[in-house]
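**Student:** What follows is a structure written as structure tokens; I'll ask about it next.
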Ligand code: AMP
Ligand code: ZN
């Protein structure tokens, strides 16, 4: 269900040109070194998004790794087990390490001896914030607001310019009573046209469901769509016909409230929502729309980004 489909403008740069000019290959699909010009735009986006930060939002920047139990407890394995990356290591057992290295040097694989650690790679930026909020006790009259970010990993190798295994995500998160959280999500969706205008890109808002894994997951996906829990802001990156999800607006209802025991003052389970900015997709979308030379971008867009 597409809610707004303005005429999507022509793109100034094709995927091949973007790949060649913005990135340097690192011999793994969806993993790139990024050029200085590209990072300048990423930093500009960071500055711009900070100007949108909800009043009173507390800022956290999380590392690219998260506790494995935190992600397990969050229910990630029920929905996207195929995307999750786990940190494995040889550990400190001298015999195990020596054997693994010897096997590698004889042409075999050292990783056969590696064991899963207590860490996974962060699949999204917002997961660590819920237990932090839960520690604070009952949520007061005003919803809690957070501005979080992290490098994220999803195991979806691809040669496409808009799908990385390693990418950056910034999120605004709200935790509070159901009506407050619904209002937060709706207000942010209502701001999508303003954000698109600031960035000089055309957009569409689409109801979405996450690409859940397996049968049970597909049912959750249908539930998401039927209950309008996830919307995405689509911006042309690879093509104007198939625009790319660059932001998402998500209602989790009482899922995290239940997992972490978060309650509002009236004793109800807290609801949560997050607004996610896919930083690398937004950056590539800007180059695709305005061209690979930032100097040639429209002055109002450069001004918004401080470039
Ligand atoms: P999601 O949690 O799936 O809604 O993701 C939030 C945002 O992260 C999306 O709207 C995308 O902009 C971005 N994102 C998700 N997966 C990828 C990926 N594989 N490569 C680049 N950006 C991504
Ligand atoms: Zn989130």
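The values are calculated or read from the model by the stated rules, or taken from the named source; none is laboratory data. Remember, it's a predicted structure, so these values are computed and weren't measured experimentally. Here the Cβ positions follow ideal geometry from the backbone for every residue, glycine too, while neighbour counts run over all protein chains shown.
**Student:** Give me a count of the residues in segment 135-154 that are within 16 Å of ligand 2 (Cβ to nearest atom), under 14 Å from residue 262 (Cα atoms) and not in a strand (DSSP E or B).
**Tutor:** 1
**Student:** Starting from residues that are in a loop (DSSP other than H, G, I, E, B) and surrounded by fewer than 22 Cβ atoms within 10 Å (Cβ to Cβ), keep the ones in segment 244-280 and report whichever is nearest to ligand 2 (Cβ to nearest atom).
**Tutor:** This residue is 254.
**Student:** Looking at (1) surrounded by 15 or more Cβ atoms within 10 Å (Cβ to Cβ); (2) outside any helix (DSSP H, G or I); (3) modelled with pLDDT under 90, which is the one condition that is false for residue 233?
**Tutor:** If we test residue 233 against (1) surrounded by 15 or more Cβ atoms within 10 Å (Cβ to Cβ); (2) outside any helix (DSSP H, G or I); (3) modelled with pLDDT under 90, just (3) comes out false.
**Student:** Cβ-Cβ distance below 7 Å, separation of 6 or more or different chains: which pairs start in segment 108-129 with a residue that is in a helix (DSSP H, G or I) and end on one that is within 14 Å of ligand 1 (Cβ to nearest atom)?
**Tutor:** Short answer, once both residue conditions are applied: 129/148; 129/173.
**Student:** Let me ask something additional. Here's a check for you: in segment 155-192, which residue that is farther than 16 Å from residue 248 by Cα and within 16 Å of ligand 2 (Cβ to nearest atom) is surrounded by the most Cβ atoms within 10 Å (Cβ to Cβ)?
**Tutor:** 175
**Student:** Out of curiosity, is residue 207 in contact (Cβ under 8 Å) with a residue 40 or more places away in the chain, surrounded by fewer than 18 Cβ atoms within 10 Å (Cβ to Cβ), within 14 Å of ligand 1 (Cβ to nearest atom) and over 17 Å from residue 78 (Cβ atoms)?
**Tutor:** Taking the combined requirement at face value, the residue satisfies it.
**Student:** I've got another one for you. Please go through segment 182-204 and give me each residue that is within 16 Å of ligand 1 (Cβ to nearest atom) and free of Cβ contacts under 8 Å to residues at least 60 places away in the same chain, ordered by number.
**Tutor:** 192, 196
For (1) in contact with a strand residue (DSSP E or B) (Cβ under 9 Å, 6 or more places away or on another chain); (2) surrounded by 14 or more Cβ atoms within 10 Å (Cβ to Cβ), each residue gets a yes or a no:
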{"site": "34", "(1), (2)": "yes, yes"}
{"site": "46", "(1), (2)": "yes, yes"}
{"site": "50", "(1), (2)": "yes, no"}
{"site": "64", "(1), (2)": "yes, yes"}
{"site": "70", "(1), (2)": "yes, yes"}
{"site": "84", "(1), (2)": "yes, yes"}
{"site": "87", "(1), (2)": "yes, yes"}
{"site": "95", "(1), (2)": "no, no"}
{"site": "101", "(1), (2)": "no, no"}
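**Student:** Mind listing whichever residues of segment 68-107 are in contact (Cβ under 8 Å) with a residue 60 or more places away in the chain and under 23 Å from residue 273 (Cβ atoms)?
**Tutor:** Result: 70, 73, 74, 75, 78, 79, 80, 83, 84.
**Student:** If a residue has to be touching a residue at least 60 places away in the same chain (Cβ under 8 Å) and either more than 13 Å from ligand 1 (Cβ to nearest atom) or out of contact with any strand residue (DSSP E or B) (no Cβ under 9 Å at 6 or more places or on another chain) (or both) to count, how many in segment 215-240 make the cut?
**Tutor:** Residues in segment 215-240 being touching a residue at least 60 places away in the same chain (Cβ under 8 Å) and either more than 13 Å from ligand 1 (Cβ to nearest atom) or out of contact with any strand residue (DSSP E or B) (no Cβ under 9 Å at 6 or more places or on another chain) (or both): 6 in total.
**Student:** Hey, residue 211 hits all of (1) away from ligand 2 (no atom under 16 Å from the Cβ); (2) touching a helix residue (DSSP H, G or I) at 6+ places or on another chain (Cβ under 8 Å); (3) part of a loop (DSSP other than H, G, I, E, B) but one; which does it fall short on?
**Tutor:** (1)
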